[in-house]
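In what follows, a single structure is set out as structure tokens and then discussed.
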Amino acid sequence: MTPILPPFPTTRMRRLRRTSALRDLAQEYRLSVKDLIWPIFITDVPGADVEVSSMPGVFRRTLDGAIAAAEEAASLGIPALCLFPFTDPSVKTVACQEAWNPDNITNRVIRAIKERVPEIAIMTDIALDPYNANGHDGLVRDGIILNDETVECLVKMAIAQADAGADILGPSDMMDGRIGAMRTALEAQGHGQVSILSYSAKYASGFYSPFRDAVGASGALKGDKKTYQMDPGNSEEALRLVARDLHEGADMVMVKPGMPYLDICRRVKDAFGVPTYAYQVSGEYAMAMAAVQNGWLDHEKVMLESLMAFRRSGCDGVLTYFAPAAARALAAG
């Protein structure tokens with residue numbers, strides 16, 4: 001409710017903006033390094049550990065590079081990394097069996113980081129697109145994305161990642177029923193302590209293109225993902241999806257993309273009051289960095305302002321490629 005204020009000059013809104021100390025005292029929301037999850041791209045493909053051309057300052061990392069990122073995150077106070085694999089095209093198949101290989105690059109990186117930097121929380125991605133010859137998040141038959149058969153694969157993927165030591169599983173596939181199936185399997189396999197941060201409201205967005213470059217899915221994708229990702233015109237559906245995933249056993253929920261969907265973040269937080277996250281996706285990052293490189297925007301100001309928008313919209317945290325730069329800026333005050 002907006003308070004009814006006495007008229008000017010009894011009320012002078014600028015009084016609390018007069019000095020830095022007064023502004024600090026009156027600030028409603030704050031951004032902390034503890035609000036950040038750093039997504040990194042990993043690979044074991046020779047020659048693929050390079051900067052992503054459409055994401056300035058973002059690199060694909062080998063196993064050693066991923067360990068170095070975890071060490072950097074720990075030194076900066078970033079609490080979690082999220083792993084996304086660039087997979088050798090030779091192991092991409094229509095059956096996607098590399099997704100639950102216990103020795104795939106994701107599972108090897110999980111084990112290595114947990115051995116070297118155990119205090120860092122490791123979040124993973126659960127979707128078939130990095131392993132799929134068709135580039136889709138689910139199995140494909142005759143041009144149709146199969147739901148129930150895909151869920152069976154995702155469960156195997158979830159168990160393999162939990163076995164490797166993942167702390168947080170991030171199902172990003174948008175198949176129906178996958179949260180309940182994963183939670184049931186995790187409990188049955190002795191992984192009841194593993195958290196699920198569900199991509200509950202993931203939109204069929206145009207902001208993902210640089211990410212697909214980073215994981216090598218752009219060329220493989222046949223068609224689009226509109227039969228399983230959300231219509232950008234829908235808002236009520238997002239609330240139904242969040243309610244479903246929470247009922248099935250999700251511990252936390254995510255809205256993706258981030259800034260174009262801040263209204264959804266606020267609605268989710270207000271409706272459910274659960275830990276709510278957003279993903280500041282590759283396209284959002286790429287747009288900001290392109291403007292920064294052209295001298296049109298101030299890197300630090302725009303970075304921190306964009307991240308504050310997520311906190312103001314009700315998010316408890318954000319996945320962002322800006323995480324290390326933001327951590328340094330916040331530490332510098």
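Averaged over every viewing direction, what's the projected area of the C-alpha convex hull for region 191-333? Give it in nm², one decimal, please.
10.6 nm²
In which sequence would H191, H136 go, from the one with the fewest C-beta neighbours within 10 Å to the one with the most?
H191, H136
Quick one: longest stretch of the chain between exposed loop trypsin sites (Lys or Arg not before Pro), exposed meaning at most 14 other C-beta atoms within 10 Å and loop per DSSP?
No qualifying site falls inside 31-221, the longest such stretch.
If you line up the long axis of helix 148-164 against the longest principal axis of the chain, both from Cα atoms, how many degrees apart are they, to the nearest 10?
So the inclination is approximately 80 degrees.
At 222 nm, what value in deg cm²/dmol follows for the chain if DSSP H runs of at least 4 each add -39500 (n - 2.57) and the sum is divided by all its residues, to the nearest 500?
-12000 deg cm²/dmol
Please state, rounded to one decimal and in Å, the Kirkwood hydrodynamic radius that the chain gives when every pair of distinct Cα atoms enters the mean of 1/r.
Roughly 20.7 Å, rounded to one decimal.
Tell me, in nm to one decimal, what length is gained between V274 and D148 on full extension, where the rule is 0.36 nm per residue of separation less the Cα-Cα distance?
Additional length available on full extension: 42.6 nm.
Bin width 10 Å, origin at 0, all Cα-Cα pairs of region 1-128: what percent of pairs per bin?
Going from the shortest bin to the longest, the percentages are 11, 31, 22, 11, 12, 10, 4, 0.
Roughly speaking, what is the stretch gain from A188 to N234, that is 0.36 nm per residue apart minus the C-alpha to C-alpha distance, in nm to one decimal?
13.0 nm
If you only keep lysine pairs separated by 8 or more in sequence, or across chains, how many in the chain come under 18 Å at the Cα atoms?
Step by step, the pairs that qualify in the chain add up to 9.
For a quick check: with amide H placed at 1.01 Å from N, whose amide H comes under 5 Å from A133's, ignoring anything fewer than 5 positions away on the same chain?
Here the answer is T93, V94, C96, since their amide H atoms fall under 5 Å of that of A133.
Find how many whole Å separate the alpha carbon centroid of region 177-233 from the alpha carbon centroid of region 95-157.
10 Å
At 0.36 nm per residue, minus the direct Cα-Cα distance, what do T227 and R116 gain on full extension? Give it in nm, one decimal, please.
35.9 nm is the gain from fully extending T227 to R116.
Rounded, prolate or oblate: which one fits region 61-211, using the alpha carbon gyration tensor with axes a ≥ b ≥ c (rounded when a/c is under 1.5, else prolate when a/b beats b/c, else oblate)?
Judged from the Cα gyration tensor, region 61-211 comes out prolate (a/c at least 1.5, a/b above b/c).
Rule-based calculations on the coordinates, nothing more; no lab input. Predicted model, so just to flag it, every value in this text is computed and none were measured. Cβ atoms come from the backbone with ideal geometry, glycine included; neighbour counts cover every protein chain shown.
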